[in-house]
Amino acid sequence: MATARHLEPAEVHGASPAPEGKAQPVVRDPSQRAIDRQAIDHRFEALLKHVHANRPSDDISLVRKAWEFCVRHHEGQMRASGEPYIIHPLEVAEVLAEMKMDSTSIAAGLLHDSVEDTPATNEEIEAGFGEQVAHIVEGVTNIDKIEFANREDRQAENVRKMLLAMVSDVRVVLIKLADRLHNMRTLEHLKPERRESIARETLDIYAPLAHRLGMGKVRGELEDLAFRYTDPVSYEQVAAAVEVRRTEGEQFLRSVEDTLIEQLRENNIPARVEWRIKRIYSIFQKQQRSKVSFDQVYDLLAIRVITQDVAACYAVFGLIHTLWKPVPGRIKDFIAMPRANRYQSLHTTVMSPSGHQFEVQIRTEEMHRIAEEGIAAHWKYKAGSGVVTARDEERLNWIRQLVEWQKEMTDPNEFLSSLKMDLY
Ligand code: MN
């Protein structure tokens, strides 16, 4: 389960006084500001430690310099909640650190709104932080200028622009996704119409993009956060139905976990077991796709077994089927046949004697990391920065192909529909 954080709103609000008739900004006393400032500095120091722990050979001074620049340039700016603007770049950088990105990405993450929302120029960024950081910030700024929520032909053109920015450096899109994630976490502070259009854009463009890059964790969080605003009625329905079944479901999953751990031990298969209630948006989609009622959604309950190697995966698979009866037509071998986004796992749905159906996913640690983090996982164990590995290349090929197709297409709508086909 993602931890829902509701910290900051998604837009810049200058420190200038509010116009007549509008709500006045919250006036806070200086001592409160000092406390805020201290807390923010503390968070930054924690971020630095995190980045250093992730990548000990990276240049941390670049990140500190970017932070100082960012604090100076966003000085006096507030987000809609009245909190200091710098919370936003800070949290974007924290998301990137969570993905174990390199210090170049962290610095660029801190600076991502500097050119767009402050007097700072690209030349200044390049002079202070080097060509790579400047290039990434420029890419993110260009994506920010894109308005997806408009007529189909403009939308197609804009998606193309974004893909082009990604092709030049994949870190551009990782920062953009981190940016969108924080904006979605803080969407409640915006006006209802803004909320809906940002949420719609998130479901149409950013969540599928995260999916295509294999970033399951980010995609899942984006989808649930957006669904709440694009279709509040359905969101509440599914959420309420999940709530009703939660206690019983969790109890059941714990008993499955106990059985499984014991059986794995008896069979000398080293593995760890995870369980969860599935995400609201994915339950909703499954319902829509298969036109089944809530009681028939098999995948509400999910168990995951993470083991050593491929051989152990198939051993666990066999063991599961001796313990519980498999449901016909629900066995999928994504290890032998990985999905287009490189996702690998064995899937099966089984039935307990009490009549509960649950899905089991079996994978190795490596497959697990790829499933959760996708393209970002490749940045973890790579020495140095700026070099795109062969596997990243592979994953970026789909973008290049799309851009190539686009050149040949005269009708931009054709491009958009083929993109949507590919994304879903
Ligand atoms: Mn931003």
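The values are calculated or read from the model by the stated rules, or taken from the named source; none is laboratory data. The model shown is predicted, which means the values in this text are computed figures rather than measured ones. Here Cβ is always computed from backbone atoms with ideal geometry, including for glycine, and neighbour counts include all displayed protein chains. Ligands, DNA and RNA are excluded from the accessible area calculation, which covers all protein heavy atoms including side chains. Shrake-Rupley method; radii C 1.70, N 1.55, O 1.52, S 1.80 Å.
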Could you tell me whether Ile40 is within 16 Å of the ligand (Cβ to nearest atom), open to solvent by less than 60 Å² (accessible area, probe 1.4 Å) and under 24 Å from the mean Cα position of the chain (by Cα)?
-> no
Say whether the condition of being modelled with pLDDT of 95 or more and hydroxyl-bearing (Ser, Thr, Tyr) is met by at least one residue in region 292-306.
-> no
Conditions (1) part of a helix (DSSP H, G or I); (2) at pLDDT 90 or above; (3) open to solvent by less than 80 Å² (accessible area, probe 1.4 Å); (4) of a type outside the set (S, T, N, Q); number of the one not met by Val350 | (1)
The one condition in (1) modelled with pLDDT under 95; (2) closer than 22 Å to Met215 by Cα that Gly329 fails to fulfil | (2)
Could you tell me whether Asp309 is surrounded by fewer than 18 Cβ atoms within 10 Å (Cβ to Cβ) and touching a Leu at 6+ places or on another chain (Cβ under 7 Å)?
-> no
Quick one: which residue in Glu243, Glu188 is surrounded by fewer than 18 Cβ atoms within 10 Å (Cβ to Cβ), more than 16 Å from the ligand (Cβ to nearest atom) and in contact (Cβ under 8 Å) with a residue 40 or more places away in the chain?
-> Glu188
Being in a helix (DSSP H, G or I) and β-branched (Val, Ile, Thr) is the filter; apply it to region 318-336 and report the residue that is least open to solvent (accessible area, probe 1.4 Å).
-> Ile320
Go through the residues of region 314-321 one by one and say whether even a single one is at pLDDT below 95, more than 22 Å from the chain's Cα centre (by Cα) and not acidic (Asp, Glu).
-> no
Residue ID - modelled with the lowest pLDDT, chosen from residues in region 54-102 that are of a type in the set (Ser, Thr, Tyr) and within 16 Å of the ligand (Cβ to nearest atom) | Ser81
Pick from region 103-119 the residues that are of a type in the set (Val, Ile, Thr) and farther than 15 Å from His135 by Cβ: which of them is nearest to the ligand (Cβ to nearest atom)?
-> Thr118
